[in-house]
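Just so it is clear, none of the values below were taken in a lab; they were calculated from the coordinates. Since this is a predicted model, take the numbers as computed values, not measurements. Quick reminder, even Gly has a Cβ in these numbers, built from the backbone with ideal geometry, and neighbours come from all protein chains shown.
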Amino acid sequence: MSQFLVAVGFGLATASVVALAAVAVSLQVSVTNFINFAYGDFMTFGAYIAWSATRHGINLVPAIILGGIATGLLGVLANILVFRPFMRQGVRPVTLLIAGVGLSFIVQNALTVIWGAEPVRFNVTLGNSLHVGPFLLTPGDLVMFGTSVTLLVLLHVMLAYTKFGKALRATSNNSDLAKACGIDSERVVSITWFLAGLLTAVAGVGLVLQESTLDPTTGFTELFVIFGAVILGGIGRPYGAMLGALAIGLLTEISGAYLNAAYKTSIAFGVVIVLLLFRPQGLFATKGKIS
Amino acid sequence: MVYYLTDLLVLGCINSIMVVGLNLQYGYTGLLNFAYYTYVAIGAYVAAVTTMGRTAMAGGGTYILGWTLPWYVGLLIGGVVAAILGAVVFGFTVRRLRSDYLAIVTVSAAFIFWNIINTYEPLFNGATGLYHVPNIISTSTTRYGFIMLALSAGILAIFVWGSRRIFRSPFGRLLRSMREDEAVTAAFGRTSWQPQLWIFMIGCFIAGIAGGLFVFYITAWSPYAFLPLESFILLAALIVGGAGNYWGALLGAFVLIEGLAELSRFLPSFGNGADVGAIRAIVIGFVLILMLRYRRGGLIPERWLHWYGPPAKPVLPRARFAAARRAR
């Protein structure tokens, strides 16, 4: 039983990281209506920027903020240079998907050229594991959990109560109608890319702190775990993605405690496949954005 | 020099076989299979374990079967197993899912598959992989290159001829019409998914054969030979060369895969060794995006047989909206 509870604790820690990235992906999909395959590499990019900043003597928190802003700008740039021209041409979703793969090639390998393929580590100590109730967590996990919850609450406040949040929800619901109401949807899309990049970068740093090493393929492998959470919650539904992340986090960690840990991510991928086959609208959603 | 050239040509032919197979799936039929290289790997593994016997690997190692069949039988079995696996995957996924979901499922499946092969040693010797796979004929290295060149070029010619036949046949026409608009095709009474299943299996069979040839040529195979990246490179080669056109597929394989790999040898070396491959991948990414943007048909676009007349420019609802907005 205690093993189970410890695994639940790990699951919560994993979920707090996955939730940030999944919400970011879901937010972007809800507004732009296609899946960006380069997200994992955005995550790696943010983590590398933060890592590089800490190496130049900047503290971890400002470094993460720096990484977040850089990744947000990368997202905006990707939208303007790559995706928006395609959207204007009115291409099929497949083309956008393949363009995303091309972008992923570029980002991932640019990181390899700049920082090398060797795994690197953050020079921070997470502290020793603590017994928090029945769980076994590091202070770093707790900080990550707190950060994640804070960011998600902030995001909720923004979506629910600000004018921009309203515009975003309107654009996501019906982009043409939103335009007709005078909402500058291109601006909304740009800001969404920025926000998504920001959240992704924070998630990237959290992931690296948990897994302890960072290399240019870290994010790409994690991408499909994130897709799992996104799909579980119903594609394009940020709130569903949070629950999806919780489910994926618990599932991978608890199964990892009882099976060979090497199969941990395979469990997440298996969930993705089974869900897409039998319930593509997601577990919680009544109707998905893309169906 | 001769050795270098034959090596280049053999690898070019094997890559071309893979791209020709992918062309049947993506180019002719529009089935986006991001896990194509997994079938290549299946072909390679099966061809290896059915021909290499139990004693080939010096350090022992564990793998299934360990038969000593003749190489051509092993090659065929590899292709058939890949095709059967393709049929199973098709049955579960392709019939049910839209293109982008399909892509996620195929990549996830490829990751799981990779993970199992890498972790579970009794199957194909885990992360170490198989090595010392015997040559199909024992001879000198140079001469073996010539023999493999003749073999792979011959098999490539057969597959190109076959895909030409398929393209011009009513079967190929049906596939293209399903690719362009499934609803219209259904309106003409063609609602069956079987043509897509057949072409998917043929594509996977070709992938398996290519994998078998590959393993007989390089004599080793391990999980690090089929990272998910490889499927993307093949897809990029097909799109740059020209999806739907077998000449385009050949051109893409030779230019994007072989040409770039060879050109990058002449780059001045700087940084660490990984850089050459990384720069190559960056170039592939840029070329892919630029081609999609400015020349979506590829270098040699799909040919329209003359009795159809030139293709009417497809007008999607969103494109029409965009055009109206531009005109305004």
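Couple of notes before you dig in:
- With all pairs of different C-alpha atoms in the average, the Kirkwood value for the hydrodynamic radius of the range A:16-169 is 17.6 Å.
- Per-residue ³J(HN,Hα) for the range B:281-290, Karplus 6.51 cos²θ - 1.76 cosθ + 1.60, θ = phi - 60°, Hz, x for Gly and Pro: 5, 4, 4, 4, x, 4, 4, 4, 5, 5
- For chain B, the percent of C-alpha pairs falling in each 20 Å distance bin, counted from 0 to the bin holding the largest distance, reads 30, 57, 13, 1.
- Charge tally for B:Leu149 (other residues, Cβ to Cβ under 11 Å; Lys, Arg +1; Asp, Glu -1): 0.
- Note on the range A:13-57: percent of Cα-Cα distances in each 10 Å bin, starting at 0 and stopping at the bin with the largest distance, equals 24, 43, 27, 6, 0.
- Cβ-defined net charge surrounding B:Val10, 14 Å radius [Lys, Arg +1; Asp, Glu -1]: -2
- With the convex hull drawn over the C-alpha atoms of the range A:2-278, the volume per residue is 128 Å³.
- Computed over chain B: relative contact order in percent, which uses C-alpha pairs under 8 Å that are six or more apart: 31 percent
- Reachable aspartates and glutamates from A:Lys163, criterion Cα separation under 13 angstrom, eight or more residues apart if same chain: A:Asp184
- Calculated on the Cα set of the protein assembly as shown, radius of gyration then Dmax: 24.8, 76 Å.
- Over chain B, DSSP H runs of length four or greater, each weighted -39,500 (n - 2.57), average out per residue to a 222 nm ellipticity of -20500 deg cm²/dmol.
- Sites B:Arg164 and A:Leu81, calculated FRET efficiency, Cβ-Cβ separation with R0 41 Å, nearest 0.05: 0.60
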